[in-house]
1. Could you work out [θ]222 nm for the chain from helices alone, using -39500 (n - 2.57) per DSSP H run of at least four and dividing by all its residues? Round to the nearest 500 deg cm²/dmol.
2. Can you tell me the equivalent ellipsoid semi-axes for region 29-113? Use √(5λ) from the Cα gyration tensor, largest first, whole Å.
3. Taking every pair of alpha-carbon atoms in region 268-412, what share in percent sits in each 10 Å bin, from 0 to the bin with the longest distance?
4. For a quick check of your reading of the filter: which chymotrypsin sites (Phe, Trp or Tyr not before Pro) in region 294-364 sit in a DSSP loop and have no more than 10 other Cβ atoms within 10 Å?
5. With the contact rule set at Cα under 8 Å and sequence spacing of 6 or more, what percent relative contact order holds for the chain?
6. Which residues make up the longest stretch of the chain clear of GluC sites (Glu not before Pro) that lie in a DSSP loop with no more than 16 other Cβ atoms within 10 Å, not counting the sites?
7. Rounded to the nearest 20 debye, what is the charge dipole size of the chain about its Cα centre when +1 sits on each Lys and Arg Cβ and -1 on each Asp and Glu Cβ?
8. How far is the Cα center of region 55-131 from the Cα center of region 232-283, in Å?
Amino acid sequence: MFGGIGRALSHRDYLLYWSSNGINTIGRWMYRIAVGWLTWELTESTTWLGIIAFAESFPLVVFSVLAGAIADRVGYIRITLLAQTATAIVAAAFAAMTLAGVITIELVLVSALLIGSLESLTTPARMALVHALVPKQDLAPAIALGSATFNAARFIGPAIAGALLVWTGSGVVLAVVAIAFTQFCLTLLVIKADEPERNPGPWRDLTGDIVTGVRYGFRNPGIRFLLVMLAVTGLLIRPVIELMPGFSAEVFDRGADGLAILMSTLGFGAMVSCIWIAQRGRTAGLTGLVTFSLFVQATALILCAAAGYFGGSLWLSAGFLGVVGFAMLVGGVGSQTLMQNAVESHMRARVMSLFIMISWGLPAFGALAAGWIANFAGLPVTIAAGGLLTITLWLWARPHARKLESDLEKTA
C-alpha cells in the first residue's frame, strides 16, 4: 500500500536518520520564519529581507563545493556531526541575544552568515548520506521521503513559529530551534552508514578534487541539463520564499499570521508532491516530470502575483503558492534523484554540492535582486516577471529532456 515508502523505512539506520532530521528540519523552518519576521520588525525593509536571505544562502555558493570534496574524503557522518553541533551553539547564542533584548539587524546579519556557512558544510554530506543508508533500488523513495519530510517541516515549522511569534516572540522561537538542532546531533552518534571507502590522499590535493568534481558534473550532459534547470528555479522562482514577509505585510496588510498562512500552504503543496514521488518509488519518467514542473511553477507564480495585485484574497494567493510548492519539489526531488542515480559513487558528495550550490545558493542572488527591484516595481510585478522568464526558458528545455532521459533514468 505504501509502495517505496515502506521499503525505505524498513532500513533501521535510515529510519533513525529520517525521523531525527525531520525534527531538525522543523527547527530549520522555524528559524527562517523567526529571522524573516525579526528582520521585518527591526527594519520594515524588503531590501533588508533580501540582504539577510543573501547572507544566509550565499555561503552555499562559496563553501558547498569545498564541503562536498571534504565529505568525500573524511566521511558523511563525521562532517555532519561537527557542523551540526556548531550550528546548535550559534542558534542558542542567537536566541539568548534576542531574549535579552540586545539584538540588532547587524547581529542578525552576523548570525545568518554563521548559520548559513555551517549549513553549507553539512548539506552535501547529508544528501550523500542517504545513499549510504539504503540500497540503490530504494534510493528514489528514500530521497523523496526525505524531501517530503523537509516540506512537511515547511508546513509544520511556519505554523508553529507563527503561533509562537504571536504569543511569545522571536526569542522563544529561536530557543526551540536550538533544541531541535541539538537532538539531531545526538542521533548522529548512533547511526551506522555503509559509506564508500575513503582514500583521501594529501590535503594539498583538495583543490584538485574540487576541480575534478566540477568538471565531472558539467561535462555529463544529463547532470549539466539538470543543473541548468535548477538554476532557472533558483534565480526566478525560489526567491519568492524570502519575499513572503513583505508580501504578507504590503500586499495583504497582514502580520505574522498572514506570513504563516502563505508559507505553510507553499510547504503543504511541496509535502504532498514529495509523498507522491516517494509512493511512486521509481526513476522512470522523472526527466519529463522535472521539465514540465518548470512550466507549472511559473504559471502558478504568475497567478499568485496577479491575485495579490488585483486585490484577491490572501487564501487565493496561498492556494496558488501551494501549486508552486508542489511543482517546485517535483523538480527538486526529481533532479536530486536523477543525479544520484546517474553519478559514480566516489563523486557523489561533490556532485551533490553542485546541486546545493545552484538550487540553494543561487536563490540568494535572486532574493537580493528581487528585493531591490521590488522597491521600485512592487512585489507582485517582480514575482510575475520571474514567472514569465521561467516559461520562456521552459520552451528551450522541452526538446533537450527527451534526448537525455535514457541516460538519467538508467537502472544499472
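What follows draws every value from the coordinates through simple rules; no lab data is involved. Bear in mind the structure is a predicted one, so any value in this text is a computation, not a measurement. Neighbour counts run over all protein chains shown; Cβ positions are idealised from the backbone, glycine included.
1. Taking each H run of at least 4 residues, the total per residue is -28000 deg cm²/dmol.
2. 28, 16, 9
3. Cα pair-distance distribution for region 268-412, in percent: 11, 34, 36, 15, 4, 0.
4. Passing both the DSSP loop test and the Cβ count: Phe310.
5. Once divided by the residue count of the chain, the mean separation gives 28 percent.
6. Between the exposed loop sites, the longest stretch runs 45-196.
7. That gives a dipole near 1040 debye.
8. Spelled out, the Cα-based centre of one part sits 22 Å from the other.
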